[in-house]
1. Scan the range 50-63 and report the pairs whose first residue is touching a residue at least 24 places away in the same chain (Cβ under 8 Å) and whose second residue is open to solvent by less than 60 Å² (accessible area, probe 1.4 Å) and not hydrophobic (A, V, I, L, M, F, W, C), with Cβ atoms within less than 7 Å and a gap of 6+ or a chain change.
2. Which residue pairs have Cβ atoms closer than 8 Å, lie 6 or more positions apart in sequence or on different chains, and pair a first residue in the range 146-157 that is over 13 Å from Ala515 (Cα atoms) with a second residue that is of a type in the set (D, E, K, R) and buried (at least 19 other Cβ atoms within 10 Å of the Cβ)?
3. Suppose we keep only residues that are more than 12 Å from the ligand (Cβ to nearest atom) and either within 24 Å of Ala341 (Cα to Cα) or touching a Cys at 6+ places or on another chain (Cβ under 7 Å) (or both) within the range 156-182. Which one would you say is most open to solvent (accessible area, probe 1.4 Å)?
4. Under 8 Å between Cβ atoms, which residue pairs at least 6 apart in sequence (or on different chains) link something in the range 565-580 that is of a type in the set (Ser, Thr, Tyr) with a partner that is not in a helix (DSSP H, G or I)?
5. Being away from the ligand (no atom under 16 Å from the Cβ), in contact with a Gly (Cβ under 9 Å, 6 or more places away or on another chain), open to solvent by 10 Å² or more (accessible area, probe 1.4 Å) and in contact (Cβ under 8 Å) with a residue 60 or more places away in the chain is the filter here; which residues of the range 99-138 pass it?
6. Checking the structure you have, find out if any residue of the range 302-319 is open to solvent by 60 Å² or more (accessible area, probe 1.4 Å), within 16 Å of the ligand (Cβ to nearest atom) and of a type outside the set (D, E, K, R).
7. So which residues in the range 156-199 are part of a loop (DSSP other than H, G, I, E, B) and of a type in the set (D, E, K, R), if there are any at all?
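The values are calculated or read from the model by the stated rules, or taken from the named source; none is laboratory data. Please read all numbers here as calculations on a predicted model, not as lab measurements. We place every Cβ from the backbone using ideal geometry, glycine too, and count neighbours over all the protein chains shown. In case anyone asks, the SASA skips ligands and DNA or RNA and just uses the protein heavy atoms, side chains included. Shrake-Rupley method; radii C 1.70, N 1.55, O 1.52, S 1.80 Å.
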Amino acid sequence: MASVPSLASTVQQRLADALSAALPEAGPADPLLRRSDRADFQANGILALAKKLKGNPRELATQVVAAVDRGDTLQEIEVSGPGFLNVTVTDRAITETLAARAADDRLGVPYNPSAGTTVIDYAQPNVAKEMHVGHLRSAVIGAAMVEILEFTGEKVIRRHHIGDWGTQFGMLIQYLLEHPHELDHKDGERVSGEEAMSSLNRLYKASRALFDSDEEFKARSRDRVVALQSGDEETLALWQRFVDESKIYFYSVFDKLDMEIQDPDVVGESGYNDMLAETCRLLEESGVAVRSEGALCVFFDDVKGPDGNPTPLIVQKSNGGFGYAATDLSAIRDRVGNLAADTLVYVVDVRQSLHFKMVFETARRAGWLDERTQAVQLAFGTVLGADGKPFKTRAGETVRLEDLLDEAVDRATAVVRDKAAKVGLSESEITENGRFVGIGAIKYADLSTSAVRDYKFDLDQMVSLNGDTSVYLQYAYARIRSILRKAGDRVPAAHPELELAPAERALGLHLDRFAETVAEVAAGYEPHKLAAYLYQLASHLTTFYDQCQVLSDENPAEVVENRLLLIELTARTLQQGMALLGIRTPERL
Ligand code: ARG
């Protein structure tokens, strides 16, 4: 089915037509329609237009009201204040729009007509290192953006730019070479993510200790870096074992997060090795980069250090080594040139903003990004503890991500268990729901604040039943599902002739905004606006329950059916919206 035009767009169109009918000399004008508390909508565009034409705004507004074609959509238009229009739509229009949305698999959400190809860089932990809360944010926000963009029809290519290269591998590989069984797995035995990470940790600590205390080991480690970079096979094979062991761990964390990460999308820093020398050559030949104290550098007028001297982007170090910037520039060439991306999105900590600013600017100067390609950093802030400081355990160590996820699930399971008897949940349902609620809570807390802001990691608040939490939304969904089960043979059906109660109108008008919310969230990379929309939806639903009965025997059959239509569409919208955020909606809770 085709997409369903929103009531806002229908009203907007009718007002625009009336404006040009009343004022043909003004040319096409925007009525500037907004939602309003006083009526359903308010149009503010006439004021500016009257000013432009040196006319009286109230008179002009009255002319527009006279010219407007109300059809079945507009109930009332009145001039208010200095020349605003207050617009109320008919109950019929609301019910018919909802019925049209309900008849569509996509709830009337259109595909973006100008969809293209986006490469999104997210969920990028580092090999042989523990994941931290920053990696959690990137994964959660990135995964939500993938779903949202795909839902609008965008072709999305995922890239997990893991940190799998660099001088620190010299020490690790050298140690493994000298202690060859440290990463062995017993015959055919599968190791857990936790076990994999603990072997890597042990190896890291042991090799570090040796590196710091034994000059000869240090020298051998340095030589090992050279061997790695020159592609020595034995060295590469050992390096691969670190990558593989780390992936066992990464995948176990992503699995806990109820997130699917595909192996072919894991293209870490090492994936661009073959391009690095050429990237530097192209930059140097074109003059975009210059040699400075032996290093290959790109300079920017507006990037200076505290001493006032320009801070360059270093693409190649004076010792010939390539760093983070060379890799990211090569990745841009690959993503635009080979993957045919027109948009590049990087879900990365805001503390790397200067890096990306310089990398994007360099790529533009080199012509690897042009007016057809855009690059954006979806920058996120720091995760804070309850004390407002960057999230740490009491001992001051970074918190282990897995412990955090486990604790969220434990607490959520307790919340679910509390109500389980009433709903009649089995033990296995309690366990499953506990996972969906706990992981949902973590994701929602992250997604419901604007990404760039720091946010407080507060498990008590996250799993609270009241307030702006995922559990509140999950309960709203489960409650509707329970009513729909109780409805028996009474089924949702539209009755446009019925008058609607205020709470029904408010809920219906909010449902009608789903499509435009999705479009806005996709265009601006702002998942928190989808979270806010869903929270408001659940709040409208709560008010509706307070004021309107659904299955009451006192209701005529048509009212029951019409209300079933309204809540079923609400449930589907909640479910779709939550799925876009990566959050499950259990049927019974
Ligand atoms: N691995 C990096 C880190 O842990 C993040 C990588 C971000 N992506 C990129 N293309 N630089 O900080």
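1. These pairs meet every condition: Ala50/Pro57; Ala50/Gly83; Pro57/Gly83; Arg58/Gly83; Leu60/Gly83; Ala61/Gly83.
2. From residues that are over 13 Å from Ala515 (Cα atoms), the pairs are Val146/Arg158; Ile157/Arg335.
3. Arg158
4. Here the result reads Thr573/Leu107, each pair linking the range 565-580 to a residue that is not in a helix (DSSP H, G or I).
5. If the condition is that a residue be away from the ligand (no atom under 16 Å from the Cβ), in contact with a Gly (Cβ under 9 Å, 6 or more places away or on another chain), open to solvent by 10 Å² or more (accessible area, probe 1.4 Å) and in contact (Cβ under 8 Å) with a residue 60 or more places away in the chain, then Ala100, Ala102, Pro110, Tyr111, Asn112 are the ones that fit.
6. The answer is yes; a qualifying residue exists.
7. Asp164, Glu182, Asp184, Lys186, Asp187, Glu189, Arg190
Condition check ((1) closer than 30 Å to Val437 by Cβ; (2) open to solvent by less than 60 Å² (accessible area, probe 1.4 Å); (3) touching a helix residue (DSSP H, G or I) at 6+ places or on another chain (Cβ under 7 Å)) across all residues:
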position: Gly193; (1), (2), (3): yes, yes, yes
position: Met197; (1), (2), (3): yes, yes, yes
position: Asp214; (1), (2), (3): no, yes, no
position: Val243; (1), (2), (3): no, yes, no
position: Ser246; (1), (2), (3): yes, yes, yes
position: Pro264; (1), (2), (3): no, no, no
